[in-house]
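No value in this document is a laboratory result; all are computed from the given coordinates. Just so it is clear, the model here is predicted, and its values are computed rather than measured. Neighbour counts are summed over all protein chains in view; Cβ atoms, including those assigned to glycine, are modelled from backbone coordinates with ideal geometry.
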Amino acid sequence: EAGVAQSPRYKIIEKRQSVAFWCNPISGHATLYWYQQILGQGPKLLIQFQNNGVVDDSQLPKDRFSAERLKGVDSTLKIQPAKLEDSAVYLCASSLGPELTDTQYFGPGTRLTVL
Amino acid sequence: GIQVEQSPPDLILQEGANSTLRCNFSDSVNNLQWFHQNPWGQLINLFYIPSGTKQNGRLSATTVATERYSLLYISSSQTTDSGVYFCAVVGEMDSSYKLIFGSGTRLLVRP
């Protein structure tokens, strides 16, 4: 069974530029999560999708971050414009069911550096 | 919101040694999970352990929910155990429930 796929693996941009990340969850997984992990910290949830609907985006900085999961499968996370403090690893995870106690399977992450 | 604290923040072991990692949480929870993030960044769920004790090979975990802590035991450590260990609980933050991670324990196992 293929795991969660993410691309790109690394991205370096200058502040005020835009960037987009892509995630393909495990086949059949209805729930998809995006996390931000700043160096030295644990992951922080940005947004949770159930199929193509948003369940929780309370910690998503909506003035600059956006995410979509149009067909209930792949998802993209966009930052526009980027700030220095957005430098982090962006992790995508998926789970079969909607419960927060369902096992979440994580992708390898995208490491973003904002200069 | 709920606070999740882990100790120690860093740990260095010689291969073959045993260790205990601790996770304290500030509010009552009915769930707790332990994760391992390897040196290449891959995060894997180790245990879902809302209460009691579970064992998986050289790893075991105990959660005492009434006293708001959980322990992860690593026995006969191997270099492949290196990485960061996170505990996480489902708690309320920003008016919704979500999985909240501690800041982790960074483990280095030397050969």
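For A:L84, put the label point 7 Å out on the Cα→Cβ axis and report which residues of segment A:12-46 keep their amide N under 20 Å from it.
In segment A:12-46, the label zone of A:L84 (backbone N under 20 Å from the point 7 Å along Cα→Cβ) covers A:12-19, A:37-41.
Dipole of segment B:25-111, Cα-centred, from +1 at each Lys and Arg C-beta and -1 at each Asp and Glu C-beta, to the nearest 20 debye?
In total the dipole reaches around 320 debye.
Mind checking which of B:S7, B:Q55, B:T80 is farthest towards the positive end of the protein assembly as shown's charge dipole, using Cβ charges of +1 (Lys, Arg) and -1 (Asp, Glu) about the Cα centre?
B:T80
Below 22 Å, Cα to Cα, which lysines can A:K15 reach? Residues fewer than 8 away in the same chain don't count.
Result set, ordered by chain and number: A:K44, A:K62, A:K78, A:K83.
Which loop trypsin sites (Lys or Arg not before Pro) in segment B:46-91, with loop taken from DSSP, have no more than 14 other Cβ atoms within 10 angstrom of their Cβ?
B:R58
For segment B:55-93 and segment A:1-51, compute the distance between their C-alpha centroids and round to whole Å.
For segment B:55-93 versus segment A:1-51, the Cα centre distance is 24 Å.
Taking 0.36 nm per residue of separation and subtracting the Cα-Cα distance, what length does fully extending A:L70 through A:V54 add?
Extra length from A:L70 to A:V54 when fully extended: 4.7 nm.
Taking the Cβ-Cβ separation of A:T101 and B:E5 as r and a Förster radius of 22 Å, what is the calculated FRET efficiency to the nearest 0.05?
After rounding to 0.05, the efficiency reads 0.55.
In debye, nearest 20, what is the charge dipole magnitude of segment A:13-114 about its Cα centre with +1 on Lys and Arg Cβ and -1 on Asp and Glu Cβ, if you could check?
320 debye
Explain nothing, just the number: relative contact order of chain B, from Cα pairs under 8 Å at least 6 residues apart, as a whole percent.
For chain B, the relative contact order is 37 percent.
Taking 8 Å as the Cα distance limit and 6 or more residues as the minimum spacing, I'd like the relative contact order of chain A as a percentage.
37 percent
Which whole number gives the average count of other chain Cβ atoms within 10 Å of the Cβ atoms across peptide B:94-103?
5
Considering only the other residues whose Cβ falls under 11 Å of the Cβ of B:C23, what net charge follows from Lys and Arg at +1 and Asp and Glu at -1?
Net local charge, B:C23 excluded: +1.
If the only charges are +1 at each Lys and Arg Cβ and -1 at each Asp and Glu Cβ, what is the size of the charge dipole of the protein assembly as shown around the Cα centre, to the nearest 20 debye?
With only Lys, Arg, Asp and Glu charged at Cβ, the dipole is about 540 debye.
May I ask for the net charge around A:P25, where only other residues with Cβ less than 11 Å from the Cβ of A:P25 are counted and Lys, Arg are +1 while Asp, Glu are -1?
Overall, the nearby charge balance is 0.
Evaluate E = 1/(1 + (r/R0)^6) for A:T113 and B:N18, where r is the Cβ-Cβ distance and R0 equals 35 Å; express this FRET efficiency to the nearest 0.05.
E between A:T113 and B:N18, to the nearest 0.05, is 0.40.
Taking R0 as 30 Å, what FRET efficiency do you get between A:Q41 and B:Q78 from their Cβ-Cβ distance, rounded to the nearest 0.05?
Efficiency computed from Cβ-Cβ geometry: 0.70.
What does the convex hull of the alpha-carbon atoms of the protein assembly as shown project to on average, in nm²?
Convex hull of Cα atoms, orientation-averaged projection: 12.3 nm².
Taking only the alpha-carbon atoms of segment A:1-105, what semi-axes of the equivalent ellipsoid follow from 5 times the gyration tensor eigenvalues under a square root, in whole Å, largest first?
22, 14, 13
What number results when the radius of gyration of chain B, computed over Cα atoms, is divided by 2.2 N^0.38 Å?
Cα Rg divided by the expected 2.2 N^0.38 Å: 1.03.
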